[in-house]
1. Please specify each residue of the range 168-189 satisfying the condition of being at pLDDT below 90 and under 28 Å from ARG96 (Cα atoms).
2. Which residue is farthest from ligand 1 (Cβ to nearest atom), if the candidates are limited to the range 228-250 and must be surrounded by 18 or more Cβ atoms within 10 Å (Cβ to Cβ) and either at pLDDT 90 or above or not aliphatic (A, V, I, L, M) (or both)?
3. Show me the strands (runs of 3 or more DSSP E) entirely contained within the range 1-117 in which 1 or more residues are touching a Cys at 6+ places or on another chain (Cβ under 7 Å) and at pLDDT 95 or above.
4. Among GLY84, GLY34, GLY59, which is the only one that is loosely packed, with under 15 Cβ neighbours inside 10 Å and within 16 Å of ligand 2 (Cβ to nearest atom)?
5. For THR79, work out the one condition from (1) farther than 21 Å from HIS171 by Cβ; (2) within 14 Å of ligand 1 (Cβ to nearest atom); (3) hydroxyl-bearing (Ser, Thr, Tyr) it doesn't fulfil.
6. Would you mention how many residues in the range 282-292 are modelled with pLDDT of 85 or more and either aromatic (Phe, Trp, Tyr) or surrounded by fewer than 17 Cβ atoms within 10 Å (Cβ to Cβ) (or both)?
7. Picking from ALA189, ALA182, ALA121, which residue would you name as being among the hydrophobic types (A, V, I, L, M, F, W, C), at negative phi, in contact (Cβ under 8 Å) with a residue 24 or more places away in the chain and surrounded by fewer than 19 Cβ atoms within 10 Å (Cβ to Cβ)?
8. Considering PHE54, PHE93, PHE105, which residue is within 9 Å of ligand 1 (Cβ to nearest atom), hydrophobic (A, V, I, L, M, F, W, C) and surrounded by 14 or more Cβ atoms within 10 Å (Cβ to Cβ)?
Amino acid sequence: MTDVAEPIPAASVPLAAPAKPPAIDTRNLTKRYGNLTALNALNLELESGDVFGFIGPNGAGKSTTMKILAGLLEPSAGTAHVLGKNVMGNGDFVRRNVGYMPDFFNGYEDLTVSEYLEFFASAYGIPRRQRKKVVQDVLELTDLKFKQDAPTDSLSRGMTQRLSLARVLVHDPPILLLDEPASGLDPRARIEIRELLKELQRLGKTILVSSHILSELGEFCNKLGIIERGELIVSGTVEELMHRARAHPVISIQIDGDHEMAVRVLEKDARVDRVERNNGELHITLQDPTLHHHFLIEVLIGANVRLHSITPHQMKLEDVFLRLTKGIVQ
Ligand SMILES: Nc1ncnc2c1ncn2[C@@H]1O[C@H](COP(=O)(O)OP(=O)(O)OP(=O)(O)O)[C@@H](O)[C@H]1O
Ligand SMILES: [Mg+2]
(Lines give C-alpha, C1' and ligand atoms only; values in the text may rest on other atoms or scores of the structure.)
(Ligands and ions follow the chains in the order given, each with its own letter.)
Protein backbone atom coordinates (compact mmCIF):
# COMPACT_ATOMS: atom_id res chain seq x y z
CA MET A 1 0.00 0.00 0.00
CA THR A 2 1.21 3.41 -0.79
CA ASP A 3 -0.49 6.68 -0.07
CA VAL A 4 0.72 8.22 -3.30
CA ALA A 5 -2.36 8.85 -5.40
CA GLU A 6 -2.59 7.32 -8.85
CA PRO A 7 -2.00 9.95 -11.51
CA ILE A 8 -5.28 10.99 -13.06
CA PRO A 9 -5.27 10.22 -16.79
CA ALA A 10 -5.75 13.23 -18.99
CA ALA A 11 -9.34 13.44 -20.06
CA SER A 12 -9.74 12.53 -23.70
CA VAL A 13 -12.24 15.20 -24.59
CA PRO A 14 -12.52 15.58 -28.35
CA LEU A 15 -11.67 19.07 -29.47
CA ALA A 16 -14.86 20.79 -30.52
CA ALA A 17 -14.81 23.09 -33.52
CA PRO A 18 -14.63 26.66 -32.23
CA ALA A 19 -18.14 28.04 -31.91
CA LYS A 20 -19.03 30.72 -34.42
CA PRO A 21 -19.41 34.03 -32.63
CA PRO A 22 -22.83 35.67 -32.78
CA ALA A 23 -23.22 38.23 -35.56
CA ILE A 24 -24.30 40.81 -32.98
CA ASP A 25 -23.85 40.48 -29.25
CA THR A 26 -24.49 43.22 -26.73
CA ARG A 27 -23.98 42.73 -23.02
CA ASN A 28 -25.47 45.18 -20.56
CA LEU A 29 -25.08 47.84 -23.20
CA THR A 30 -25.84 51.19 -21.61
CA LYS A 31 -25.84 54.75 -22.87
CA ARG A 32 -26.40 57.74 -20.64
CA TYR A 33 -26.78 61.34 -21.67
CA GLY A 34 -26.36 63.27 -18.43
CA ASN A 35 -29.20 62.09 -16.21
CA LEU A 36 -31.03 60.36 -19.02
CA THR A 37 -30.45 56.65 -19.52
CA ALA A 38 -31.14 56.25 -23.23
CA LEU A 39 -30.19 52.57 -23.18
CA ASN A 40 -30.26 50.45 -20.06
CA ALA A 41 -28.29 47.17 -19.92
CA LEU A 42 -29.37 45.90 -23.32
CA ASN A 43 -28.62 42.24 -24.02
CA LEU A 44 -29.13 41.31 -27.62
CA GLU A 45 -27.81 38.30 -29.49
CA LEU A 46 -28.25 37.73 -33.20
CA GLU A 47 -26.92 34.71 -35.05
CA SER A 48 -25.75 35.02 -38.63
CA GLY A 49 -28.78 35.14 -40.90
CA ASP A 50 -31.14 36.42 -38.21
CA VAL A 51 -33.51 39.20 -39.10
CA PHE A 52 -34.35 40.97 -35.86
CA GLY A 53 -37.22 43.43 -35.74
CA PHE A 54 -36.42 46.12 -33.21
CA ILE A 55 -39.68 47.76 -32.29
CA GLY A 56 -40.22 50.71 -30.03
CA PRO A 57 -41.81 54.13 -29.71
CA ASN A 58 -40.02 57.45 -30.19
CA GLY A 59 -37.10 57.89 -27.84
CA ALA A 60 -36.92 54.19 -26.91
CA GLY A 61 -33.24 53.81 -27.74
CA LYS A 62 -33.33 52.12 -31.16
CA SER A 63 -31.10 54.61 -32.98
CA THR A 64 -28.77 54.79 -29.99
CA THR A 65 -28.27 51.00 -30.15
CA MET A 66 -27.60 51.09 -33.88
CA LYS A 67 -25.15 53.95 -33.66
CA ILE A 68 -23.16 52.10 -30.99
CA LEU A 69 -23.15 48.93 -33.10
CA ALA A 70 -21.98 50.94 -36.09
CA GLY A 71 -19.10 52.27 -33.99
CA LEU A 72 -20.36 55.86 -34.17
CA LEU A 73 -21.24 56.29 -30.52
CA GLU A 74 -19.39 55.24 -27.43
CA PRO A 75 -21.36 53.27 -24.84
CA SER A 76 -21.36 54.47 -21.22
CA ALA A 77 -21.17 50.86 -19.96
CA GLY A 78 -21.40 47.32 -21.27
CA THR A 79 -20.06 45.94 -24.52
CA ALA A 80 -21.12 45.53 -28.14
CA HIS A 81 -19.52 42.90 -30.37
CA VAL A 82 -20.02 42.20 -34.05
CA LEU A 83 -18.75 38.86 -35.36
CA GLY A 84 -16.84 38.40 -32.13
CA LYS A 85 -15.02 41.74 -32.18
CA ASN A 86 -15.64 44.62 -29.83
CA VAL A 87 -16.94 47.57 -31.85
CA MET A 88 -14.81 49.87 -29.70
CA GLY A 89 -11.32 49.98 -31.07
CA ASN A 90 -12.09 47.98 -34.23
CA GLY A 91 -13.38 50.72 -36.50
CA ASP A 92 -12.04 49.25 -39.74
CA PHE A 93 -13.47 45.83 -39.01
CA VAL A 94 -16.86 47.33 -38.16
CA ARG A 95 -16.93 49.51 -41.29
CA ARG A 96 -16.12 46.48 -43.47
CA ASN A 97 -18.68 44.19 -41.90
CA VAL A 98 -21.52 46.46 -40.93
CA GLY A 99 -23.77 48.51 -43.19
CA TYR A 100 -25.55 51.22 -41.21
CA MET A 101 -28.51 52.99 -42.76
CA PRO A 102 -29.35 56.00 -40.58
CA ASP A 103 -32.86 57.36 -40.20
CA PHE A 104 -32.00 60.40 -42.33
CA PHE A 105 -30.58 60.70 -45.84
CA ASN A 106 -26.99 61.73 -46.08
CA GLY A 107 -27.18 63.29 -49.52
CA TYR A 108 -24.79 65.20 -51.71
CA GLU A 109 -26.80 67.67 -53.75
CA ASP A 110 -24.78 67.74 -56.93
CA LEU A 111 -24.38 64.02 -57.46
CA THR A 112 -26.50 61.73 -59.57
CA VAL A 113 -27.65 58.43 -58.14
CA SER A 114 -24.86 56.42 -59.76
CA GLU A 115 -22.19 59.02 -58.93
CA TYR A 116 -23.37 58.94 -55.33
CA LEU A 117 -23.00 55.17 -55.16
CA GLU A 118 -19.65 55.24 -56.96
CA PHE A 119 -18.44 57.77 -54.44
CA PHE A 120 -19.26 55.38 -51.60
CA ALA A 121 -17.82 52.42 -53.51
CA SER A 122 -14.55 54.31 -53.75
CA ALA A 123 -14.73 55.36 -50.09
CA TYR A 124 -15.05 51.67 -49.21
CA GLY A 125 -11.94 50.90 -51.20
CA ILE A 126 -13.60 49.02 -54.05
CA PRO A 127 -11.11 49.08 -56.95
CA ARG A 128 -12.02 51.47 -59.77
CA ARG A 129 -12.48 48.74 -62.41
CA GLN A 130 -15.06 46.94 -60.21
CA ARG A 131 -16.99 50.01 -59.12
CA LYS A 132 -19.26 50.33 -62.15
CA LYS A 133 -20.32 46.70 -61.91
CA VAL A 134 -20.92 46.90 -58.13
CA VAL A 135 -23.00 50.04 -58.56
CA GLN A 136 -25.02 48.49 -61.37
CA ASP A 137 -25.66 45.43 -59.18
CA VAL A 138 -26.97 47.44 -56.23
CA LEU A 139 -29.02 49.68 -58.54
CA GLU A 140 -30.64 46.54 -59.89
CA LEU A 141 -31.21 45.06 -56.46
CA THR A 142 -32.83 48.25 -55.18
CA ASP A 143 -34.75 48.83 -58.40
CA LEU A 144 -33.18 52.23 -59.05
CA LYS A 145 -31.60 51.65 -62.41
CA PHE A 146 -34.13 53.89 -64.14
CA LYS A 147 -33.00 56.76 -61.88
CA GLN A 148 -29.25 56.26 -62.16
CA ASP A 149 -28.70 59.60 -63.92
CA ALA A 150 -31.14 61.59 -61.79
CA PRO A 151 -29.78 64.01 -59.17
CA THR A 152 -30.10 62.45 -55.70
CA ASP A 153 -32.16 65.40 -54.46
CA SER A 154 -34.81 64.83 -57.14
CA LEU A 155 -35.86 61.43 -55.79
CA SER A 156 -39.12 60.70 -54.02
CA ARG A 157 -38.97 59.64 -50.38
CA GLY A 158 -39.38 55.96 -51.24
CA MET A 159 -36.59 56.12 -53.82
CA THR A 160 -34.39 58.04 -51.39
CA GLN A 161 -34.87 55.27 -48.83
CA ARG A 162 -33.92 52.71 -51.45
CA LEU A 163 -30.85 54.74 -52.37
CA SER A 164 -29.90 54.92 -48.70
CA LEU A 165 -30.14 51.16 -48.60
CA ALA A 166 -28.20 50.82 -51.85
CA ARG A 167 -25.43 52.88 -50.29
CA VAL A 168 -24.91 50.43 -47.42
CA LEU A 169 -24.89 47.51 -49.84
CA VAL A 170 -22.06 48.65 -52.12
CA HIS A 171 -19.37 47.02 -49.98
CA ASP A 172 -21.55 43.95 -49.41
CA PRO A 173 -21.31 43.80 -45.59
CA PRO A 174 -22.74 40.68 -43.91
CA ILE A 175 -24.49 42.74 -41.21
CA LEU A 176 -27.03 45.47 -41.85
CA LEU A 177 -28.35 47.96 -39.32
CA LEU A 178 -31.38 49.60 -40.85
CA ASP A 179 -32.91 52.43 -38.87
CA GLU A 180 -36.57 52.74 -39.81
CA PRO A 181 -36.16 52.04 -43.51
CA ALA A 182 -39.92 52.21 -44.05
CA SER A 183 -40.72 55.38 -42.13
CA GLY A 184 -42.63 58.04 -43.99
CA LEU A 185 -43.38 55.80 -46.97
CA ASP A 186 -46.71 55.24 -48.63
CA PRO A 187 -48.15 51.71 -48.52
CA ARG A 188 -46.75 50.77 -51.91
CA ALA A 189 -43.24 52.00 -51.10
CA ARG A 190 -43.43 50.17 -47.79
CA ILE A 191 -44.17 46.95 -49.60
CA GLU A 192 -41.24 47.57 -51.94
CA ILE A 193 -38.88 48.07 -48.99
CA ARG A 194 -40.27 44.95 -47.36
CA GLU A 195 -39.64 42.95 -50.52
CA LEU A 196 -36.13 44.33 -50.67
CA LEU A 197 -35.45 43.32 -47.08
CA LYS A 198 -36.74 39.83 -47.84
CA GLU A 199 -34.33 39.66 -50.75
CA LEU A 200 -31.45 40.71 -48.46
CA GLN A 201 -32.56 38.05 -46.01
CA ARG A 202 -32.42 35.46 -48.81
CA LEU A 203 -28.90 36.66 -49.58
CA GLY A 204 -27.99 35.62 -46.04
CA LYS A 205 -27.54 39.03 -44.46
CA THR A 206 -27.93 39.46 -40.72
CA ILE A 207 -30.32 42.35 -40.29
CA LEU A 208 -31.25 44.51 -37.32
CA VAL A 209 -34.17 46.62 -38.52
CA SER A 210 -36.11 49.11 -36.45
CA SER A 211 -39.65 50.37 -36.68
CA HIS A 212 -42.40 51.87 -34.57
CA ILE A 213 -44.81 49.36 -35.98
CA LEU A 214 -44.80 45.65 -35.31
CA SER A 215 -46.98 44.74 -38.28
CA GLU A 216 -44.38 46.23 -40.59
CA LEU A 217 -41.78 43.71 -39.42
CA GLY A 218 -43.66 40.75 -37.95
CA GLU A 219 -44.08 39.11 -41.32
CA PHE A 220 -40.47 38.51 -42.26
CA CYS A 221 -38.38 38.82 -39.10
CA ASN A 222 -37.43 35.58 -37.39
CA LYS A 223 -36.80 37.40 -34.11
CA LEU A 224 -38.55 40.37 -32.59
CA GLY A 225 -37.92 42.58 -29.62
CA ILE A 226 -39.70 45.51 -28.07
CA ILE A 227 -37.70 48.29 -26.53
CA GLU A 228 -39.19 50.99 -24.34
CA ARG A 229 -37.38 53.71 -22.43
CA GLY A 230 -34.05 52.04 -23.09
CA GLU A 231 -35.09 48.56 -21.95
CA LEU A 232 -35.73 45.48 -24.02
CA ILE A 233 -38.97 44.39 -22.42
CA VAL A 234 -39.78 41.38 -24.55
CA SER A 235 -37.86 39.50 -27.20
CA GLY A 236 -37.60 36.12 -28.79
CA THR A 237 -38.06 34.14 -31.93
CA VAL A 238 -41.40 34.54 -33.61
CA GLU A 239 -42.13 30.86 -32.79
CA GLU A 240 -41.53 31.45 -29.09
CA LEU A 241 -43.76 34.48 -29.12
CA MET A 242 -46.48 32.73 -31.07
CA HIS A 243 -46.28 29.88 -28.60
CA ARG A 244 -46.86 32.36 -25.82
CA ALA A 245 -49.73 33.74 -27.85
CA ARG A 246 -51.42 30.37 -28.06
CA ALA A 247 -50.89 29.86 -24.37
CA HIS A 248 -53.13 32.81 -23.70
CA PRO A 249 -56.19 32.76 -25.89
CA VAL A 250 -58.58 35.53 -24.98
CA ILE A 251 -62.34 35.21 -24.77
CA SER A 252 -64.19 38.45 -25.14
CA ILE A 253 -67.57 38.74 -23.50
CA GLN A 254 -70.21 41.39 -24.01
CA ILE A 255 -72.82 41.84 -21.33
CA ASP A 256 -76.08 43.75 -21.26
CA GLY A 257 -76.05 45.92 -18.18
CA ASP A 258 -73.69 46.01 -15.25
CA HIS A 259 -70.31 44.25 -15.43
CA GLU A 260 -69.82 44.01 -11.68
CA MET A 261 -71.60 40.72 -11.06
CA ALA A 262 -69.90 39.09 -14.09
CA VAL A 263 -66.45 40.23 -12.97
CA ARG A 264 -67.10 38.96 -9.45
CA VAL A 265 -68.22 35.45 -10.45
CA LEU A 266 -65.53 35.09 -13.07
CA GLU A 267 -62.74 36.19 -10.76
CA LYS A 268 -63.94 33.68 -8.15
CA ASP A 269 -63.80 30.80 -10.65
CA ALA A 270 -60.58 28.81 -10.34
CA ARG A 271 -60.54 28.06 -14.07
CA VAL A 272 -60.30 31.74 -14.90
CA ASP A 273 -56.84 33.26 -14.88
CA ARG A 274 -57.62 36.90 -15.52
CA VAL A 275 -60.49 39.26 -16.21
CA GLU A 276 -59.83 42.58 -17.89
CA ARG A 277 -62.21 45.35 -18.85
CA ASN A 278 -61.62 46.60 -22.36
CA ASN A 279 -63.83 49.05 -24.27
CA GLY A 280 -67.04 47.89 -22.65
CA GLU A 281 -66.11 44.22 -23.03
CA LEU A 282 -64.59 41.73 -20.66
CA HIS A 283 -61.49 39.91 -21.81
CA ILE A 284 -60.97 36.59 -20.13
CA THR A 285 -57.90 34.39 -20.08
CA LEU A 286 -58.15 30.86 -18.73
CA GLN A 287 -55.79 28.99 -16.42
CA ASP A 288 -55.75 26.07 -18.81
CA PRO A 289 -55.57 27.42 -22.36
CA THR A 290 -56.86 24.11 -23.78
CA LEU A 291 -60.09 24.28 -21.76
CA HIS A 292 -63.20 25.00 -23.79
CA HIS A 293 -64.80 28.32 -22.95
CA HIS A 294 -68.37 26.94 -22.76
CA PHE A 295 -68.30 26.74 -18.98
CA LEU A 296 -68.18 30.56 -18.90
CA ILE A 297 -71.70 30.67 -20.32
CA GLU A 298 -72.97 28.39 -17.54
CA VAL A 299 -71.20 30.40 -14.86
CA LEU A 300 -72.56 33.72 -16.12
CA ILE A 301 -76.12 32.54 -16.73
CA GLY A 302 -76.07 30.81 -13.36
CA ALA A 303 -75.32 34.23 -11.82
CA ASN A 304 -78.17 35.85 -13.76
CA VAL A 305 -75.79 37.85 -15.93
CA ARG A 306 -77.35 38.87 -19.25
CA LEU A 307 -74.82 37.60 -21.73
CA HIS A 308 -74.87 39.36 -25.08
CA SER A 309 -72.01 37.58 -26.86
CA ILE A 310 -69.00 35.43 -26.20
CA THR A 311 -66.16 35.19 -28.73
CA PRO A 312 -62.86 33.31 -28.43
CA HIS A 313 -59.88 35.00 -30.10
CA GLN A 314 -56.76 33.41 -31.41
CA MET A 315 -54.45 36.08 -30.16
CA LYS A 316 -52.46 37.95 -32.77
CA LEU A 317 -48.78 38.62 -32.30
CA GLU A 318 -49.58 42.29 -31.92
CA ASP A 319 -51.98 41.59 -29.06
CA VAL A 320 -49.39 39.46 -27.30
CA PHE A 321 -46.87 42.25 -27.53
CA LEU A 322 -49.40 44.73 -26.27
CA ARG A 323 -50.13 42.56 -23.25
CA LEU A 324 -46.49 41.80 -22.60
CA THR A 325 -45.47 45.42 -22.84
CA LYS A 326 -48.25 46.46 -20.49
CA GLY A 327 -47.02 43.83 -18.06
CA ILE A 328 -50.38 42.07 -18.16
CA VAL A 329 -48.76 38.68 -18.74
CA GLN A 330 -45.23 37.67 -17.85
N1 LIG B 1 -27.10 63.35 -28.46
C2 LIG B 1 -28.04 63.21 -27.52
N3 LIG B 1 -28.03 63.98 -26.42
C4 LIG B 1 -28.96 63.84 -25.47
N5 LIG B 1 -29.96 62.93 -25.51
C6 LIG B 1 -30.03 62.12 -26.59
C7 LIG B 1 -29.07 62.23 -27.65
N8 LIG B 1 -29.38 61.29 -28.56
C9 LIG B 1 -30.47 60.65 -28.11
N10 LIG B 1 -30.87 61.14 -26.92
C11 LIG B 1 -32.00 60.68 -26.11
O12 LIG B 1 -31.89 59.27 -25.94
C13 LIG B 1 -33.16 58.66 -25.97
C14 LIG B 1 -33.14 57.56 -27.01
O15 LIG B 1 -33.05 58.15 -28.29
P16 LIG B 1 -33.03 57.31 -29.64
O17 LIG B 1 -32.76 58.26 -30.75
O18 LIG B 1 -32.09 56.16 -29.49
O19 LIG B 1 -34.52 56.76 -29.70
P20 LIG B 1 -35.26 56.00 -30.89
O21 LIG B 1 -35.82 54.74 -30.31
O22 LIG B 1 -34.38 55.87 -32.05
O23 LIG B 1 -36.47 57.01 -31.18
P24 LIG B 1 -37.18 57.41 -32.59
O25 LIG B 1 -38.22 56.35 -32.82
O26 LIG B 1 -37.78 58.73 -32.28
O27 LIG B 1 -36.14 57.46 -33.65
C28 LIG B 1 -34.17 59.76 -26.23
O29 LIG B 1 -34.73 60.16 -25.01
C30 LIG B 1 -33.33 60.86 -26.83
O31 LIG B 1 -33.87 62.13 -26.55
MG1 LIG C 1 -34.49 56.59 -33.98
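1. ALA182, SER183
2. The qualifying residue farthest from ligand 1 (Cβ to nearest atom) is HIS248.
3. By residue number, 51-55.
4. GLY59
5. So the condition that THR79 fails would be (2).
6. So the count comes out to 1.
7. Only one candidate passes the filter, namely ALA189.
8. After ruling out the rest, the residue left standing is PHE54.
The values are calculated or read from the model by the stated rules, or taken from the named source; none is laboratory data. Given the structure is predicted, the values throughout are model-derived calculations rather than measurements. Cβ sites come from the backbone with ideal geometry, for glycine too, and all protein chains shown count toward neighbours.
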